[in-house]
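Every read-out reported here was derived from the displayed coordinates using simple, explicitly stated rules and does not represent laboratory data. The structure presented is a predicted model; accordingly, all values stated were derived computationally and were not measured. We place every Cβ from the backbone using ideal geometry, glycine too, and count neighbours over all the protein chains shown.
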Amino acid sequence: MVQMQSDEALITQALLGQQQAYAQLVERYQHYVFTLAVRMVKNREEAAEVAQDSFLRAFQYLADFRGEAKFSTWLYRIVHSVALNHLRKRRLDVLSIDDAAHPVPVPAATQPDASDSMELQERRHAIYQAIQRLPPDDAEVITLFYLYENRLDEICQIMELTMTNAKTKLFRARQRLKTILETTAVRSAL
Amino acid sequence: MEHQPFILSDDLLWDYVDGLLTDAERKRLEAYLTEHPEWMARLQAVETDRSLLQSVPLEAPPQGFASGVMGAWNSLLTPTVESPDWIIRGIGAVFGLFILLPLVILIFNGLHIKNSVFSVPGMPSVDWLALFSHPVLQYGLYFGFTLLALRLLSAVLSQYRVMHKMMV
């Protein structure tokens with residue numbers, strides 16, 4: 001049985017020059033990094049660019065990782081910074097709730113889980129689509145908190161926020177998500 | 001002192017399931033829910049939505065993303081790891097020549113000193129002006145400095161290229 005190595009072990013090996021360790025870190029985190037990038041830049045091609053640059057930057061500064069926080073927290077902080085720079089560079093305005101200028105196509109990964117009822121599947125799909133329509137920072141905080149199950153103090157580190165600001169941001173993101181879900185429900189009922 | 005009236009809302013329920021309430025707030029809410037079971041259905045709906053939020057699938061990166069990252073990483077490493085040996089050897093040879101040539105001249109001049117081995121030898125003299133005005137040495141000097149400048153330029157450019165790729 002192949003035992004999965006810890007992040008710390010892989011980082012040590014990578015710093016010793018083992019390319020395979022870098023590759024394993026990419027394999028392990030590629031979905032998380034890419035998803036966070038998609039949530040922020042709202043475009044799959046640009047998200048792939050952001051995700052790649054985030055990994056490269058992480059590798060370049062890997063020796064600076066002190067292990068005070070989780071590796072994932074440190075990595076997401078880099079993604080956050082790279083994606084923000086990317087957004088600034090492209091002069092992308094924060095997407096409004098009704099802006100569908102850069103729709104993110106629903107990937108095959110959203111295929112319904114056979115164990116769920118039809119109602120739950122529809123609800124999950126609606127939530128997924130609502131997240132795509134959230135402004136970047138709202139989508140980011142929702143993804144980090146619910147999907148990646150980061151604690152609020154970790155989100156503070158990633159997004160460089162105070163605890164109060166992080167709590168407020170999460171609250172507002174949830175409110176916006178709720179508004180989108182309600183609007184969609186009304187539209188589909190009409 | 002009287003407690004403020006407890007107003008239960010969806011937001012409070014979300015804070016509850018998210019674990020963001022203080023111990024006192026949590027106990028107060030749980031007591032309220034026990035007294036008002038009609039809110040239990042709402043709590044369950046919030047819990048369901050929360051678990052759905054947690055189960056939203058991750059985005060799949062493009063095909064070959066991981067190998068693309070590793071390819072880019074290797075190409076970033078290449079200019080810093082690999083060094084053009086012939087440039088370093090060339091520079092070494094030129095500088096070696098500069099050190100060896102005056103030594104050879106000194107030794108050559110020393111052999112022609114007429115003094116006996118018992119007398120105190122005078123300092124051999126070298127005509128440095130004539131030495132450095134020699135065309136071979138001058139071209140060698142130019143060549144050496146040109147190589148050195150090219151090497152420095154190459155190092156600066158490769159470093160700049162790496163930094164530029166890193167800066168987004």
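The distance between label points at residue B:72 and residue B:60 comes to 2.1 nm (points 7 Å beyond Cα on the Cα→Cβ vector).
Assign one of three labels to the stretch A:116-158, namely rounded, prolate or oblate, based on the Cα gyration tensor with a ≥ b ≥ c the square roots of its eigenvalues; rounded applies when a/c is under 1.5, prolate when it is not and a/b is larger than b/c, and oblate otherwise. Because a/c hits 1.5 or more and a/b fails to exceed b/c, the stretch A:116-158 counts as oblate. Available extension along the chain between residue B:40 and residue B:131 is 22.8 nm, counting 0.36 nm per residue and deducting the alpha carbon span. Here the stretch A:130-144 is scanned for amide nitrogen atoms under 19 Å from the site 7 Å beyond the Cα of residue A:85 along Cα-to-Cβ, giving A:137.
Spacing of the modelled spin labels on residue A:16 and residue B:142, each 7 Å from Cα toward Cβ, amounts to 5.3 nm.
Please work out the FRET efficiency for the pair residue A:9 and residue B:28, using the Cβ-Cβ distance as r and a Förster radius of 51 Å; give the result to the nearest 0.05. Once the sixth-power term is evaluated, E becomes 0.65. Which of the pairs A:89/A:169; A:70/B:27; A:70/A:178 have their Cα atoms more than 28 Å apart in this structure? In this structure, A:70/B:27; A:70/A:178 lie more than 28 Å apart at Cα. Compared with the direct C-alpha span, the chain from residue A:175 to residue A:70 gains 34.9 nm at full extension, assuming 0.36 nm per residue. With a/c under 1.5 counting as rounded, go ahead and sort the stretch A:1-93 into rounded, prolate or oblate using the C-alpha gyration tensor (a ≥ b ≥ c being the square roots of the eigenvalues; past the cut-off, prolate if a/b is larger than b/c, else oblate). Prolate, since a/c reaches 1.5 and a/b exceeds b/c.
Give the shape of the stretch B:10-54 as rounded, prolate or oblate, defined through the alpha-carbon gyration tensor: a ≥ b ≥ c are the square roots of its eigenvalues, a/c under 1.5 means rounded, and otherwise the shape is prolate if a/b is larger than b/c and oblate if not.
Numbers: a/c = 2.95, a/b = 1.25, b/c = 2.35.
Oblate is the answer for the stretch B:10-54, as a/c is 1.5 or above yet b/c matches or exceeds a/b.
Evaluating 6.51 cos²θ - 1.76 cosθ + 1.60 at θ = phi - 60° for every residue in the stretch A:30-36, the Karplus couplings come out as 4, 5, 5, 5, 5, 4, 4 Hz, glycine and proline recorded as x.
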